[in-house]
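K.L.:
This is the structure, below, for whatever I ask next.
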Amino acid sequence: MAPSSQPSMEFLWQEARVQFLGQLSGRQQAQEEARREHTTLEDTVKSLSQAKDKADQAYGTKFHGKPVEVKLSRVLHRLDIILSIGDDAMKFAPAGASYVWATFRLVASGIAQDFETCQFLVDAVDQISEILLLCEVYAKRQLRQLRNLTHDSQLLADKTLEKIPPLLALVLRFSHVTRRLALDKGRFGRTFSIMFGGAEKLKAIFKEAEAKRDELNRMAGLAFNEALREILQDAQLDAAAIRKTLSDLDSSNRELLRMIKGMGQFGEEITSVVKEIKLEQSKEREAAEKKLLDEEFHDQMRWLRSEGLADLHEPRKMLYDNLARRHPSTCEWAIQNEHIKAWLESASPAPSARVKRLLWLSGEAGFGKSVLMSYLIGHLERQRKGPRPRDGPVVLPFFCKLGNDAFQKGSKIFAHLLCQLFHLSGVEEASDKSDKTALYTKQRCVELVRRLRLETRSNEPTINSARVSIFCDLVKAFGQRVYVCIDALDECEDRTNGLLSTLVQIAETNMDVRVLVSSRPEPDISKAFMAHGPSQIEVQKSITEKDVAVYIAASLQGINRFDQSKRKKAAVEIAKKAGGMFRCEYSWLLRIKIERKELTRLVLSRRQLGG
């Protein structure tokens, strides 16, 4: 359905009728298609007013001033409002609204028959009249604004309008079932089967209608009274009339609660039941809201993950591969390094701490920077006290590499970090469904990405002020420290087109963010970082040679033909050749395994070893 193509309440009723007829059997469908009613809303208001007077006379104190009377008064208030603001399609339509008004008049004829039936019927029209007013108000508001909306806002308005026909279809179904029950029994008086038998059909309709009503309320995103006030103003009612209408609705609700509380033990029992019902309704509403939130979360994630980004979990795979390559006891020096300790332990954001929030590991290829980075990332993640993101710091790793735009283009790298952060808001909420804080974080993150979507109108990954601003807002939504860790930044071929400056900008914000970067000491990277005074660690021989020696010694243990003395000599010579580089010592160890005879001669003759 595309409501914006035919912006009218009549169109919404037509859609509702199609849905309603589709739920009937072939015979019932033929009967209903031929049925036409000519009851007007004015006729209905008159009939219900007369029924109220008759009930007052018939039931006396059981009715007068009791909840059932308040509800019936509330129904009349709602119908008066629809009369004031409604379209012709709501006041009179043989195949739509008039069908419902005829049913209301049928209900009116049964109100004075017996008190039990009166209570049930009043409850029924109370719920249905609420839905009709809700549909009228939201439809009128959305249809009125369609011409002035942007494309994306119009999509949201269309989604709101799409919720209305299913609700109206349920109202038509209520009318259909009610008429059949009345016709089957001949009259409403003392038809207890309606209350305890056929009424189950109506209760099922009411339950489904309540769920759809809550969906409509959420989608419309506006308080009902606020929307109603706008519509009443459009209908050119004066301020006093508007206040009276809203006051009447509010006071009838308050009066109903007051009377229930004043009915003694019976009232307490009713109050208890009402509380249970409200609790159940609240749970159902929360479940519906969470379902809608999940749907929008996945929709925004699909939009955010534009074509060409790396798989969301690929950085983790690369992280685990690097950690698997690390030999036990290597890299442990890093945690005691004064620059790294200061970077890790610096307090919450403060201007004086800015120089400590960007840490740069620089070094030539082969010195083990990627493994060192992975060790530090692993150390950060081990600080978590549980599986949820908020059980510890939020860590966003990325490993650049040449040969694939998803790993070497700055815009795609930043977009991936944005996706990781947004994804974690969903992980947080999914890990504990009862956690209101996690739910709020997810809602806030969805709102932020929705805003980005409306502002940019494109999912093409770029590094612009809007995306950087949303990234910062997402960080704030988590309310905890976030670590941005990028390995091999020198393999990002267009890093000067925004990524370098953005990393510096993020590190210098007043957020609790830490940035960790490793790369070769390329001039452009050095210029960008050193201008802002970051902490720098040069990964070179003086730092790595001990780790290299440990790795060589452990690897040589697997060569059984060498005794301890030969292993020691080989370790010394290989370490000397490696010069602190893991890549060199790896090639020497590989040569050992391939050419054991030559290696034996190498160990026995230093001249051959140095040749």
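K.L.:
Consider segment 90-106. How many of its residues are more than 15 Å from L168 (Cβ to Cβ) and modelled with pLDDT of 85 or more?
P.N.:
3
K.L.:
Continuing with this model, one more query. Looking for something within 23 Å of the chain's Cα centre (by Cα) and either acidic (D, E) or not assigned by TED's automatic domain parsing to the domain that holds K409 (or both) - is there at least one such residue anywhere in segment 512-525?
P.N.:
Looking through segment 512-525, none of the residues is within 23 Å of the chain's Cα centre (by Cα) and either acidic (D, E) or not assigned by TED's automatic domain parsing to the domain that holds K409 (or both).
K.L.:
Keeping to segment 16-48, report how many residues are surrounded by 13 or more Cβ atoms within 10 Å (Cβ to Cβ), within 42 Å of the chain's Cα centre (by Cα) and of a type in the set (G, A, S).
P.N.:
So the answer is 1.
K.L.:
Filter segment 287-297 down to the residues that are of a type in the set (D, E) and in contact with a helix residue (DSSP H, G or I) (Cβ under 9 Å, 6 or more places away or on another chain), then identify the one that is modelled with the lowest pLDDT.
P.N.:
E289
K.L.:
Which pairs have Cβ atoms under 7 Å, sit 6 or more apart or on different chains, and link a residue in segment 52-78 that is within 22 Å of E130 (Cα to Cα) to one that is aromatic (F, W, Y)?
P.N.:
A55/F63; E69/F63
K.L.:
Are any residues in segment 298-338 modelled with pLDDT of 90 or more, in contact with a strand residue (DSSP E or B) (Cβ under 9 Å, 6 or more places away or on another chain) and in a loop (DSSP other than H, G, I, E, B), and if so, which ones?
P.N.:
Within segment 298-338, A310 is the sole residue that qualifies.
K.L.:
A further question follows. If you take just the helices (runs of 4 or more DSSP H) that sit entirely in segment 14-104, which of them hold at least 2 residues that are within 18 Å of V177 (Cβ to Cβ) and of a type outside the set (A, V, I, L, M)?
P.N.:
Answer list for segment 14-104: 26-34.
K.L.:
Among the residues of segment 57-67, is any in the same structural domain as Q31 (by TED's automatic domain parsing), surrounded by fewer than 16 Cβ atoms within 10 Å (Cβ to Cβ), of a type in the set (K, R) and modelled with pLDDT of 85 or more?
P.N.:
Yes, because at least one residue in segment 57-67 is in the same structural domain as Q31 (by TED's automatic domain parsing), surrounded by fewer than 16 Cβ atoms within 10 Å (Cβ to Cβ), of a type in the set (K, R) and modelled with pLDDT of 85 or more.
K.L.:
If you don't mind, another one. Can you pull out every residue in segment 189-205 that is assigned to a helix (DSSP H, G or I) and modelled with pLDDT under 80?
P.N.:
Scanning segment 189-205 gives F192, S193, I194, M195, F196, G197, G198, A199, E200, K201, L202, K203.
K.L.:
Here is a follow-up. Just need a number here: residues in segment 33-51 that are within 15 Å of L132 (Cα to Cα) and hydrophobic (A, V, I, L, M, F, W, C).
P.N.:
Number satisfying all stated conditions: 2.
K.L.:
What residue, of R35, R17, is under 23 Å from A139 (Cα atoms), out of contact with any Ser or Thr (no Cβ under 9 Å at 6 or more places or on another chain) and not aliphatic (A, V, I, L, M)?
P.N.:
R17
The values are calculated or read from the model by the stated rules, or taken from the named source; none is laboratory data. Note that this is a predicted model, so its numbers are computed, not measured. Methodologically, a virtual Cβ is constructed for each residue, glycine included, from the backbone with ideal geometry; neighbour enumeration extends over all protein chains shown.
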